[in-house]
Amino acid sequence: MSKKLKFFFGVSYIIILVLFLYFIFSQVEISKLNDFLYYKEIQIKLENYIGSDLFFNLVLFFIFSVIWILLLGFGSPLLIVSGILFGKWIGTLVSVISISIGALLLYILASFFFTDLIYQKIEKRFSKYIELFKRNEFYYFFVYRFVGGLGVPFFLQNILPVIFNMKKSNYFFSSFLGFIPSFFILNTIGSGLNIYIKQAENFNFINLILTKEIYLPIAFFIMIVCVSTIIKKKIFYDK
């Protein structure tokens, strides 16, 4: 059963990725990618499309995000896109909720079908964290999410708690709360890109970086990285 499910998820992920990329590139004129005005046209079209039925598009993005995470997709691209499409506030809300639910569903699925495989593959690698998480699974997993998963790929972060049988409610709420700071920053960067494209007459990388909608979230991101480094050392590495 496990091998069949692994094959199914692998094929499903590839199919969804291919369809998604096909849809994106079918809407893009490759010959105009070096023309900044073309990006302004896309921005206007997206804004009009999203604004025409915000609720429907939020639901559509929500469903896509849950499925994407469930099929081992990356989280960061979704956060930039949600910021571009919905702005930093609504984008953060929909991405935090959808990715938290997608991660929870992946955790439940992994717990049900792949427990033995996960123990076999990652227990030794993360054995030093198991006892730590068991002391207070909500607190330590919240910190783990907050610090970006200690550099562990996102899909592995989502299934790691299988090895210490974390409660589903603790998993969801610690993920939800731990995601908020970094998700807000990435959504803000996406929103800033959208604002820059709307206001600028031509593309200039220096002007882009010096735009407050871009440099402020980057500065906060650097602060979080610094704080995360301290937390990693004090809470995880010293243990």
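Of all helices (runs of 4 or more DSSP H) completely enclosed by the range 106-169, which ones contain at least 2 residues that are at pLDDT below 80 and hydroxyl-bearing (Ser, Thr, Tyr)?
Fully inside the range 106-169 and qualifying: 115-122, 127-135.
Take residue 178 and tell me if it is over 23 Å from residue 227 (Cα atoms) and not polar (S, T, N, Q).
no
Please go through (1) under 19 Å from the mean Cα position of the chain (by Cα); (2) buried (at least 16 other Cβ atoms within 10 Å of the Cβ) for residue 222 and return the number of the only condition it doesn't satisfy.
Checking residue 222 against (1) under 19 Å from the mean Cα position of the chain (by Cα); (2) buried (at least 16 other Cβ atoms within 10 Å of the Cβ), the one that fails is (2).
With the condition kept exactly as written, say whether any residue in the range 182-201 is surrounded by fewer than 19 Cβ atoms within 10 Å (Cβ to Cβ) and at pLDDT below 75.
Yes, the range 182-201 contains a residue that is surrounded by fewer than 19 Cβ atoms within 10 Å (Cβ to Cβ) and at pLDDT below 75.
Among the residues of the range 37-57, is there at least one that is under 30 Å from residue 156 (Cα atoms), in a helix (DSSP H, G or I), at pLDDT 70 or above and touching a Gly at 6+ places or on another chain (Cβ under 7 Å)?
Checked against the condition, which is being under 30 Å from residue 156 (Cα atoms), in a helix (DSSP H, G or I), at pLDDT 70 or above and touching a Gly at 6+ places or on another chain (Cβ under 7 Å), the range 37-57 yields no hits at all.
Inspect the range 106-118 for any residue being of a type in the set (A, V, I, L, M, F, W, C), within 15 Å of residue 58 (Cβ to Cβ), in contact (Cβ under 8 Å) with a residue 24 or more places away in the chain and out of contact with any Ser or Thr (no Cβ under 6 Å at 6 or more places or on another chain) and give the result as yes or no.
Taking every residue of the range 106-118 in turn, none turns out to be of a type in the set (A, V, I, L, M, F, W, C), within 15 Å of residue 58 (Cβ to Cβ), in contact (Cβ under 8 Å) with a residue 24 or more places away in the chain and out of contact with any Ser or Thr (no Cβ under 6 Å at 6 or more places or on another chain).
If a residue has to be outside any helix (DSSP H, G or I) and either of a type outside the set (D, E, K, R) or within 25 Å of residue 93 (Cβ to Cβ) (or both) to count, how many in the range 190-233 make the cut?
The qualifying residues number 6.
The values are calculated or read from the model by the stated rules, or taken from the named source; none is laboratory data. In this text the structure is predicted, and so the values were computed from the model without any measurement. Note that we place each Cβ from the backbone using ideal geometry, even for glycine, and neighbour counts take in every protein chain shown.
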